[in-house]
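Taking it in order: structure first as structure tokens, then the write-up.
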Amino acid sequence: PEIVYAGSSVSYDARDGHVFRSGDRGLTWRAIRSDLPSGLRILKLVVDPNNPRRLYLVAGVDLFTPGAAQALFRSVNGGVAWVRVGEALGAIMDMDLDPGTPRVLYATVEGVGSARALARLCEEHDAYRWLCGGVAVNYHTLADFRVGPGEYLDEVLTTSVAALIAELHRMRAGNVRG
């Protein structure tokens with residue numbers, strides 16, 4: 001692509017993430033003046049292949065920056081203005097766009113490592129209740145299901161989280177309250 005982006009920090013242990021843009025396939029670069037909050041350690045920057053002005057950025061902790069803010073941001077104007085998205089899901093650790101449908105964003109969320117934790121979230125948290133579609137969740141069923149068709153569960157969970165994030169984007173864009 002002609003337009004490419006990069007996220008960077010001054011040093012390996014800095015929490016001063018900046019986004020850079022090149023309009024000539026990486027031959028020259030310029031820093032984008034943006035409204036990203038300070039204290040970020042950029043872990044990943046993804047560009048929508050259908051719209052090079054739509055960017056997603058994951059900021060978070062790593063081995064050298066344990067106190068960095070964890071968040072997912074989206075920009076629709078080439079990195080000038082950013083909006084934090086997916087806050088209701090907790091600390092988002094990684095994300096990527098679906099290669100076949102770049103409007104779908106997949107994310108992994110910190111702290112949901114057990115069937116009991118997921119069952120509790122489905123009972124207590126609006127975002128996870130939405131994922132479950134109002135169906136009661138039993139942690140034994142979740143644990144059994146995770147052990148059996150693990151790949152299918154990963155696909156279903158990823159698709160559900162992506163749909164939730166897309167719905168949160170839609171609600172936020174229209175100032176709709178769920």
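Other residues lying with their Cβ under 14 Å from the Cβ of residue 102 contribute a combined charge of +1, Lys and Arg counting +1, Asp and Glu -1. Protection proxy ranking of 25-37, 93-105, by the mean of other Cβ atoms within 10 Å over each peptide's residues and highest first, is 93-105, 25-37.
The stretch 1-91: percent of C-alpha pairs farther apart than 15 Å?
On the way: 2352 of 4095 pairs.
Value for the stretch 1-91 (Cα pairs over 15 Å): 57 percent.
Each other residue within a Cβ distance under 9 Å of residue 56 adds +1 if Lys or Arg and -1 if Asp or Glu, for a net charge of +1. In this structure, the amide hydrogen of residue 43, modeled 1.01 Å from its nitrogen in the peptide plane, lies closer than 5 angstrom to those of 58, 59, 60, counting only residues at least 5 positions away or on a different chain.
None of the figures in this text is laboratory data; all of them are computed from the coordinates on show. Nothing here was measured: the structure is a model prediction, and the numbers come from that model. Backbone-built Cβ (ideal geometry, glycine too); neighbour counts: all protein chains shown.
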